[in-house]
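Just below is one structure, and these are the notes that go with it.
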Amino acid sequence: SRSSATLFKVSKEQAVRNARQLYEKERADQKSHIHMIVIGHVDAGKSTLMGHLLYDTGNVSQRVMHKHEQESKKLGKQSFMYAWVLDETGEERARGITMDVGQSRIETKTKIVTLLDAPGHKDFIPNMISGATQADVALLVVDATRGEFESGFELGGQTREHAILVRSLGVNQLGVVINKLDTVGWSQERFTEIVMKLKSFLKLAGFKDSDVSFTPCSGLTGENLTKKAQESALTSWYSGPHLLDVIENFKIPERAIDRPLRMSVSDIYKGTGSGFCISGRVETGVLCLNDKVLVGASREQAQVKSLTMNEFPQTCVFAGDQVSVTLPALDINNVTVGCIISDPQTPIPVTTRFQARIIVFNVKVPITMGFPVLLHHQSLIEPAVVCKLTASIHKSTGEVVKKKPRCLGNNSCALVELETSRPICIERYADFKELGRVMLRVAGVTIAAGMVTKIR
Ligand code: GDP
């Protein structure tokens, strides 16, 4: 049998070897997958850039592009024709903003890149968080136009918050796109000014210099997207890679295929046959057809009846894959968006109380005992309470600064305990970094992000 449950009955070393062999056999001739989120302030040009990139890489047909061009002309909104490739719903078009995390794919020489186009509007950050939890790498798009970069970066814009969010959610490779450089005559001085400002900020946010790149572009004209720069005002000082090269050069994150199975559920729908279809991401391990799994906090056991990836049937799927499974005869009350499917031999902890190490970055009122928050964990959004302030700690050294502080203000770092009313599936960051990160939000604003340190 090729069931991973069987794999794990053998010794740990053997199981790891089996999982690796299976992976190499199944995926030998395939390109590696990477999930990329596109972040940045509203109107930075994210949708236009991604639409143009999809078109230039042959992922949008001439026919569809022609349709978008005609429709946008009719409405006098031709500058949005590329953005429309991504903004599929009418409501988004009417309002000219991207609301949900839309998905598209581009293929490069060695990779299949799933694009998660993040919304830039403030109200939509919850969608972005769920996108960011799926992302391996990020593109941060900033508008080089004079005054626009400043309002996105300095004056309460989303540039900083997005960058801190993706970093807190474990994304460490970042491609910064200095976009709309056509609006400043391809000025090297402007480019350098923005790079210098972002560099010091990104370092503080926890990105390593060597994992960050800066690329001058215009999403609208298509300059430096998929071909070497042509514009003489740009080539006079820039000879670096174009955006597609930057994407091609992202390192593929290590897939944790040799760990016990964890799959986070992001969607549940009625399948064609009996039972329910559940889609989500395999965070760790291997999942095979006919495997027995435990579902969510109830730990109901179910058996995998069908397994698909991008609509294609699979016998086995691996950590990093975005998949759909059907689990017949499962009690629908036992599966919720945000719950975790795990390996019966090594089930995921289920709890209502855990300790986390958090960074507070955006509170109007300091956090005190009993403070209510919305807990975000993968796709889970659950009401919770900060039930204990254990200690405030030093940001970089982690040393305890003060035991049992009365309150926590902005830019503080602390150990706190959180309590939910319903049991949730969660892991310690030290055990499964994929499942040990949390975000805390209040009234539509992210106030803190952190890592799970202890489970009660
Ligand atoms: P998003 O909110 O970040 O997705 O931004 P959009 O892609 O919707 O673009 C916002 C506006 O900026 C639209 O009017 C675009 O036509 C314009 N825009 C986008 N990219 C560029 C660019 O490279 N140069 C110029 N001049 N305008 C751009």
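The values are calculated or read from the model by the stated rules, or taken from the named source; none is laboratory data. The structure displayed is predicted, hence computed values, not measured ones. With ideal geometry, Cβ positions are generated from the backbone for all residues, glycine too; neighbour counts draw on all protein chains shown. Only protein heavy atoms, including side chains, enter the accessible area calculation; ligands, DNA and RNA are left aside. Shrake-Rupley method; radii C 1.70, N 1.55, O 1.52, S 1.80 Å.
Amide H contacts of residue 173 (H built 1.01 Å from N, in plane; Pro and chain starts excluded): 138 sit under 5 Å, all sequence-distant by 5 or more or on other chains.
Here is the link list: 364/454; 77/227; 203/454; 73/111; 31/227; 73/270. Which ones come out longer than 30 Å on Cα distance? Walk me through the intermediate numbers first.
Numbers: 364/454 28 Å; 77/227 26 Å; 203/454 28 Å; 73/111 34 Å; 31/227 22 Å; 73/270 40 Å.
The pairs that break the limit, which is 30 Å between Cα atoms, are 73/111; 73/270.
Taking a straight Cα-Cα cut-off under 13 Å and skipping sequence neighbours fewer than 8 places away in the same chain, the aspartates and glutamates within cross-link reach of residue 305 are 291. When the alpha carbon coordinates of the chain are projected onto the principal axes, the ranges are 63, 54, 42 Å, largest first.
Determine the order of 104, 236, 79 by accessible area, beginning with the largest, at a probe radius of 1.4 Å.
Details: 104 25, 236 95, 79 70 Å².
The ranking, largest first, comes out as 236, 79, 104.
Across the stretch 353-364, coupling constants 3J(HN,Hα) worked out from phi with the 6.51/-1.76/1.60 Karplus curve, θ = phi - 60°, read 9, 8, 9, 9, 9, 10, 10, 9, 10, 7, 9, 7 Hz, and Gly and Pro carry x. Relative contact order of the chain, taken over Cα pairs closer than 8 Å and 6 or more residues apart, is 12 percent.
No disulfide-compatible partner, judged by a Cβ distance under 4.7 Å, exists for the following cysteines of the chain: 217, 277, 339, 387, 407, 413, 425. Take the Cα of residue 249, step 7 Å toward its Cβ, do the same at residue 311, and the gap between the two points is 3.6 nm.
Take residue 254: with every protein chain present and a 1.4 Å probe, its accessible area is about 150 Å². In this calculation the C-beta distance from residue 270 to residue 154 is compared with R0 = 51 Å, giving a FRET efficiency of 0.60. In a DSSP loop and with at most 14 other Cβ atoms within 10 Å, the GluC sites (Glu not before Pro) in the stretch 367-423 are 399.
Lys and Arg at +1, Asp and Glu at -1: add these up for the other residues within a Cβ distance under 12 Å of residue 202 and post the number.
Working: positive: 160, 167, 197, 199, 203, 208; negative: 209, 211.
In short, +4.
For the stretch 308-364, the list of trypsin sites (Lys or Arg not before Pro) that fall in a loop by DSSP and count at most 10 other C-beta atoms within 10 angstrom reads 364.
Counting only lysines at least 8 places from residue 74 when in the same chain, those with an alpha carbon closer than 29 Å to its own are 46, 180.
The aspartates and glutamates whose alpha-carbon is closer than 14 Å to the alpha-carbon of residue 403, local same-chain residues fewer than 8 away aside, are 417.
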